[in-house]
Amino acid sequence: MTAVPFTSSPDGLKLRLHLQPGAKTSGFAGLRQADGPGGKTDTRLVLRLTAPAREGEANQALLSFLASALKLPKSSITLESGATSRLKTVFLKGCPETLAERLKQAAGI
């Protein structure tokens, strides 16, 4: 079984991302293993964004991209960690099963 870049909770999903700002096009770019907190290796979804990594532009583009791709209101998406890092954790509020299915379909994982 392939590792997934998210964990479920009763009220949503925690999504682990590796962001690549300043790309030519925005879109999902597969999965990647990365060092997480405490030296653990975890699976992250790679997301390329055209927005540059300055003054929060990439973070705002991230939230907008996810809202559009997953058909969610932006108010259901929260940046939990990684505001100044390429490694980010985002919380998606909603039915975890529905969110997982939408994410798998949108990202092709």
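The values are calculated or read from the model by the stated rules, or taken from the named source; none is laboratory data. Because the structure is a prediction, the values reported are computed rather than measured. No Cβ is skipped: glycine too gets one built from the backbone with ideal geometry, and neighbour counts run over all protein chains shown.
Screening the candidates ALA67, ALA106, ALA53 for the property of being within 11 Å of the chain's Cα centre (by Cα) and either in a loop (DSSP other than H, G, I, E, B) or small (Gly, Ala, Ser) (or both) yields one hit, ALA67.
Restricting the first member to the stretch 1-18 and to residues that are under 16 Å from LEU62 (Cα atoms), and the second to residues that are among the small types (Gly, Ala, Ser) and at pLDDT 95 or above, no beta-carbon pair is closer than 6 Å while six or more apart or on different chains. If I filter the stretch 75-85 down to residues being at pLDDT 95 or above and outside any strand (DSSP E or B), which single residue comes out as farthest from the chain's Cα centre (by Cα)? Among those that are at pLDDT 95 or above and outside any strand (DSSP E or B), it is SER75. Quickly run through the stretch 51-77 and pick out the residues that are under 19 Å from LYS14 (Cβ atoms) and surrounded by 14 or more Cβ atoms within 10 Å (Cβ to Cβ). Scanning the stretch 51-77 gives ASN59, LEU62, LEU63, PHE65, LEU66, ALA67, ALA69, LEU70, LEU72, SER76, ILE77. Can you confirm whether GLY39 is farther than 17 Å from LYS104 by Cα, exposed (fewer than 15 other Cβ atoms within 10 Å of the Cβ) and either hydrophobic (A, V, I, L, M, F, W, C) or in contact (Cβ under 8 Å) with a residue 12 or more places away in the chain (or both)? No.
Looking across the stretch 78-97 at every residue that is farther than 16 Å from SER8 by Cα and of a type outside the set (A, V, I, L, M), the one that is surrounded by the fewest Cβ atoms within 10 Å (Cβ to Cβ) is identified as THR84.
What residue, among those in the stretch 1-25 that are part of a loop (DSSP other than H, G, I, E, B) and under 12 Å from the mean Cα position of the chain (by Cα), is surrounded by the most Cβ atoms within 10 Å (Cβ to Cβ)?
Of all residues in the stretch 1-25, those part of a loop (DSSP other than H, G, I, E, B) come to 1-5, 10-11, 21-25.
Next, only the ones that are under 12 Å from the mean Cα position of the chain (by Cα) stay: 4-5.
Numbers: VAL4: 17, PRO5: 23.
My answer is PRO5.
Any chance the stretch 38-50 includes a residue that's more than 17 Å from SER9 (Cα to Cα), at pLDDT 95 or above, part of a loop (DSSP other than H, G, I, E, B) and touching a helix residue (DSSP H, G or I) at 6+ places or on another chain (Cβ under 9 Å)? Checked the stretch 38-50: at least one residue is more than 17 Å from SER9 (Cα to Cα), at pLDDT 95 or above, part of a loop (DSSP other than H, G, I, E, B) and touching a helix residue (DSSP H, G or I) at 6+ places or on another chain (Cβ under 9 Å).
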